[in-house]
Structures are given as structure tokens and as C-alpha cells.
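Visitor: Sending over a structure as C-alpha cells; questions will come in a sec.
The values are calculated or read from the model by the stated rules, or taken from the named source; none is laboratory data. Every value quoted in this text rests on a predicted model; they were computed, and no experiment measured them. Please note: Cβ atoms are built from the backbone with ideal geometry, for glycine as well, and neighbour counts cover all protein chains shown.
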Amino acid sequence: MTAPDIPVERLGAGYFADPHSVHARLRAQRPVTPVVLPGGPGTWLITGYAEARAALADSRLSKHMPGWHPEPDSIIAALDLHMLNSDPPDHERLRKLVNKAFTARRVERLRPRITAITAGLLEAMPAHDGQAEVDLLASFAFPLPITVICELLGIPGGDRDDFRTWSATIVANAPAPEVFQAHATDMARYFMALLAAKRRDPGDDLLSALIAARDEEDSLSENELVSMAFLLLVAGHETTVNLIASGVLALLLNPAELARLRAEPALINGAVEELLRYVSPVNHTTFRCAAEPVEIGGVRISRGDPVLIALSGANRDPARFGDPGRLDLGRDSAGHLAFGHGIHYCLGAPLARLEAEIAISALLARFGSISLAVPAASLRWRPSTLIHGLESLPVRLGP
């Protein structure tokens, strides 16, 4: 897979906690590098901004990965046929079915409900004297986006803890095969049963609308319908959970910027964009495959080679963002790649932005004092190279 004159970098478990320093080192050598992921396969990793942006829009990098998909007749295959794994024309056919639900105008209509959910979660966390610990991820950053996406899709909210477990396994690097098999199977069966129930008793929700599209227009296969439900649920909360939690952590570790935002609440929209750039909750894209030989960043990638694009690496490229390791809430962060670029640009970007804006603003307004309850170095990061996210965020809250 690698050019003979380019050494392969083996990434260790430290990559989960600090991908930024790894990307900086690799980018300084070359923006396209062959790596072996922790517990995973070898792949080309793109860490330069210009190279990443070009690769994200390059149709020669296909989502069809020969030999990487489950057996067509297996139950897990029902999770595999979504638009993030698709090339044109299937990609357009699948995406257009849900595009309207996630336009900025449609998402803005959700503001009152998101605000109400946020207020309820914050009210459940009384302002202590600054001594009691709260896991902000479990009590706030996770339940807000999972509640919103469950309501949008028409999924019973009581099942959200199962989703958290299943999702964590599916986005992890090299989970135990039996655990992955069990959790992926449980998720596929859950959606099959839920969609069957909605077919019998449809509601005013997105999944019921997709079922109608499947049954009336025959524009979705049954497995595509299950895969769409899976993708919307997982992608609909994972990015925002980690944006809120990691964003709050970034503010706590940069007290001058936190004070700046408290003093100027109107900075929140630009602050969310800078936090997206700075924390990059999606560390890198899902795999692509070179459908033909491609040259990127002066490196020739052979046909059939897998490719990953490090969104967080691109967002910290000093050639694009000056002093990229500094959090600056007044920075013009336009052009960041936290939501990708090209045809696979994140469908839920308007929703993630709105949820983060409301969540962080309300959190700072509710609590005059927020501090880490543990040393930052002791925080644990999820064993995933796809998602850069905390396992927990213990804080102390004060009035």
C-alpha cells in the first residue's frame, strides 16, 4: 500500500487522547502519510488542509471498499447501506429523502424545543457550592442531542442508554469481535422492530415519513431504510455530544476565552465555529478507497488503497489557520472542515450548531462557576480514531 521511500507510522493508543500532536508531527513531514491505526488496518492519512479539502471533493476516492462490508445476507448488512457509505447516484437518491428535514430554516423551528430540553436538564443540576461533582457528559452533553434526535426520528427516549452503548462499540477501534457482533445485531434488530411498529402505526416523525417513501415510492430498499435510521441516530448525536463536552473542556482549559464569552454572550455563534475547528469532534472521515491511482500532496496513492482524511488535522494546519493550537473565540474560523466538505458534508450541521449554541449559552448563564473536578491529564478519551470524545467530564458547578 505504501510507496517504498515513505516509512509507515504505527499509531499507538496515545492517538486517542491527543491526535493533534500526532497530526502536527506527520504534517510537518508530509501531508499524506501511510499509517497503521491502533488495533486497526493500514491506510493513507491526510493531515494537510489543502490536501484534505481536495480529497473530500475527489470522486476518485470512492466509498465502495472491496472486501470491507458484511455479508449481504447478514443482519449487520442492514446497517451498512446508508448514504455515508454510498457513491453517486445512490448517494443523491438517499440524501434527498432527508435533506428537507435538516435545512437551516427547518432546524430553526426546533429552537424552542431544544431550549426547553436544555432548561430541563440544567434544572436537574442544582447549583452547589462548587464542591459537588457532576458528570457533565452523562447529565447534559449526551442527553440533550440524543433526546432531540430521538424526538425528530420518533424513537422512544427510554431506549437512549442502549443507543449510547451500541454507538460506542460501533465507532470504537477494534472492539472485541463478539461484542461488536452482538451490539450491531441488537441495533439492527431494534430498528427492524421499530420500523415494523411504525409501519403499523405511523406518527408525525421522520422515520414514518421514510417508511412512506419506501412503501409508496419504492425509493428505498428495506435494508436502506434500516441503514438510514441507524445513520441518522448515530450521526445525529455523536458529533454534538462531543462538541458540547469537548467544547466546554476547551473553555475550562482556556479561562480567558471562557471569561470573554461570559462577558460577550453575543460571541456564541462564532465561538461554536471556533470550538468546532479547535476540538474537531469527528477526528477523521470514514474510509474511502482509491478507485484509480490518485496523486495527493505529491504522493501517489495506488488503486484499491484505503484513505482517511483527518478533519482535525486539517483544522489545525498552520498553513490555513494562524496559530492553530490557540483557542480564539474571535477568530474567523470559516472554512473549517469539522463537518467535512463535498457531497458528504454533514447533513446535520445546522442542528449540531444550534444545539451547541443553545447548550453552551444556557450552561454559562445557569452556573456562574464551572471548574474541572479532576486534573485534566486524568480525563479519559474514548478508544476511537473516528470520534474524538471524552468518556466523562467531571465538573463542579456553582451559582
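Visitor: With among the hydrophobic types (A, V, I, L, M, F, W, C) and at pLDDT 90 or above as the only criterion, which of Ala57, Ala101 stands out?
Guide: Matching residue, one of Ala57, Ala101: Ala57.
Visitor: Related question: Taking the condition surrounded by 20 or more Cβ atoms within 10 Å (Cβ to Cβ), in contact with an Asp or Glu (Cβ under 7 Å, 6 or more places away or on another chain) and not aromatic (Phe, Trp, Tyr), does Pro70 pass? Walk me through how you get there before you give the answer.
Guide: Details: surrounded by 20 or more Cβ atoms within 10 Å (Cβ to Cβ): no; in contact with an Asp or Glu (Cβ under 7 Å, 6 or more places away or on another chain): yes; not aromatic (Phe, Trp, Tyr): yes.
Considered against the rule, which asks whether it is surrounded by 20 or more Cβ atoms within 10 Å (Cβ to Cβ), in contact with an Asp or Glu (Cβ under 7 Å, 6 or more places away or on another chain) and not aromatic (Phe, Trp, Tyr), Pro70 comes out as no.
Visitor: Select from the stretch 8-53 the residues that are among the small types (Gly, Ala, Ser) and buried (at least 21 other Cβ atoms within 10 Å of the Cβ) and write down the one among them that is farthest from the chain's Cα centre (by Cα).
Guide: So the residue we want is Gly48.
Visitor: Which of the residues spanning the stretch 153-194 are crowded, with 17+ Cβ neighbours inside 10 Å and among the polar types (S, T, N, Q)?
Guide: Ser167, Thr169, Asn173, listed by residue number.
Visitor: Give me a count of the residues in the stretch 130-162 that are closer than 21 Å to Arg199 by Cβ, at pLDDT 85 or above and of a type outside the set (Val, Ile, Thr).
Guide: Qualifying residue count for the region: 6.
Visitor: Any idea which of (1) crowded, with 24+ Cβ neighbours inside 10 Å; (2) over 26 Å from Ser139 (Cα atoms) is the one Arg277 doesn't satisfy?
Guide: Arg277 satisfies every listed condition except (2).
Visitor: Considering the stretch 109-127 alone, what residues qualify as being surrounded by 11 or more Cβ atoms within 10 Å (Cβ to Cβ) and more than 18 Å from Ala365 (Cβ to Cβ)?
Guide: Leu110, Arg113
Visitor: Within the set of pairs 6 or more residues apart or between chains, which connect a residue that is within 22 Å of Pro318 (Cβ to Cβ) and of a type in the set (Ser, Thr, Tyr) inside the stretch 18-47 to a residue that is assigned to a helix (DSSP H, G or I) and modelled with pLDDT of 95 or more with Cβ atoms less than 6 Å apart?
Guide: Pairs found: Thr33/Leu26; Thr47/His23; Thr47/Leu26; Thr47/Arg27; Thr47/Gly313.
Visitor: For the stretch 54-76, which residues satisfy the criterion of being free of Cβ contacts under 8 Å to residues at least 40 places away in the same chain and either of a type outside the set (Ser, Thr, Tyr) or outside any loop (DSSP other than H, G, I, E, B) (or both)?
Guide: Gly67, His69, Pro70, Glu71, Pro72, Asp73
Visitor: Taking the residues in the stretch 78-100 that are among the aliphatic types (A, V, I, L, M) and assigned to a loop (DSSP other than H, G, I, E, B) as candidates, determine which candidate is nearest to His183 (Cα to Cα).
Guide: Leu81
Visitor: Shifting gears a bit: Hey, among the residues in the stretch 195-213 that are under 21 Å from Arg160 (Cβ atoms) and surrounded by 15 or more Cβ atoms within 10 Å (Cβ to Cβ), which one's farthest from the chain's Cα centre (by Cα)?
Guide: So the residue we want is Lys198.
Visitor: Restricting to the stretch 324-360, give me the number of residues that are surrounded by 19 or more Cβ atoms within 10 Å (Cβ to Cβ), of a type outside the set (D, E, K, R) and outside any loop (DSSP other than H, G, I, E, B).
Guide: Adding up the residues that qualify gives 8.
Visitor: Related question: If Phe16 satisfies every condition in (1) part of a helix (DSSP H, G or I); (2) touching a helix residue (DSSP H, G or I) at 6+ places or on another chain (Cβ under 8 Å) but one, which is the exception?
Guide: So Phe16 meets the others, but not (2).
Visitor: Another question, if that's okay. Note down all Cβ pairs under 6 Å where the first residue falls in the stretch 318-334 and is within 18 Å of Glu264 (Cβ to Cβ), the second is of a type in the set (Ser, Thr, Tyr) and crowded, with 19+ Cβ neighbours inside 10 Å, and they're at least six residues apart or on different chains.
Guide: Correct list of pairs: Leu327/Tyr278.
Visitor: When Ser384 is evaluated against the numbered criteria (1) under 26 Å from Ala172 (Cα atoms); (2) out of contact with any His (no Cβ under 7 Å at 6 or more places or on another chain); (3) modelled with pLDDT of 95 or more, which criterion, by number, is the only one it fails?
Guide: All conditions are met except number (3).
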